[in-house]
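What follows is calculated from the coordinates using simple rules that are stated; it is not laboratory data. What you are looking at is a predicted structure, and each value in this text was computed from that prediction instead of being measured. All Cβ positions, glycine included, derive from the backbone under ideal geometry; neighbour counts span all protein chains shown.
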Amino acid sequence: MNIARLVKKAKKGNKDALLQLIMIEKDAYYRLAFTYMRNEHDALEAMDEMIVTVYEKISSLKKNEAFYSWSKTILVNSCKTLLRNRKKVIYLDDMATVNGESTLTKDPYHSSEQAIVMEELLSHVNEYQREAIQLKYFHDLDYQTISEMTDVSVGTVKSRVFQGLKKLRLHYRGDDDE
């Protein structure tokens, strides 16, 4: 079925149409949320928050064709809100660690060697560069979409990606002065 038609139905209150829209991109939503939250439970919680917000605000969506970029922006904002709130709370689950890794929030993705290497590499760039690089290369989003999702200019997104990659190249080659 046509996405614009499903969005139109969802705007009229059709919950099944909204569910179909969400299910079409559920894997992309999960990957995006997991990038920010770094564990399955929190990623799913962010997705839940996004679905509620989308349901409540879908009538404000101007262009039906922009549903996915709009909903992904809502998901990113949900993730950031949850992360801000999490900084205020120390979870007992996070205290149960083995070798610095939580035993209760462990995810198979984190156990892969490649993911560990990427996390280590990305630790050498600031949080804004990391976010831009992950959205660009892990989620294959264009600069304009990243700009809208992060609420900064396209030039700022390009600069963050460029400067972050420059830092990573310097570090990888061993030219890192830091």
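Structure summary
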item: Flagged links, alpha-carbon separation over 21 Å, of K26/K80; K57/K158; K136/K167; K63/K136; result: K57/K158; K63/K136
item: Inter-label distance for L61 and K80, nm, one decimal - labels placed 7 Å from Cα along Cα-to-Cβ; result: 2.1 nm
item: Inter-site label distance for L121 and K87 at 7 Å from Cα along Cβ, in nm; result: 2.7 nm
item: Potential extension, K15-S69 segment - 0.36 nm per residue separation minus Cα distance; result: 17.5 nm
item: Modelled FRET efficiency - R0 30 Å, R5 with F138, Cβ distances, 0.05 increments; result: 0.45
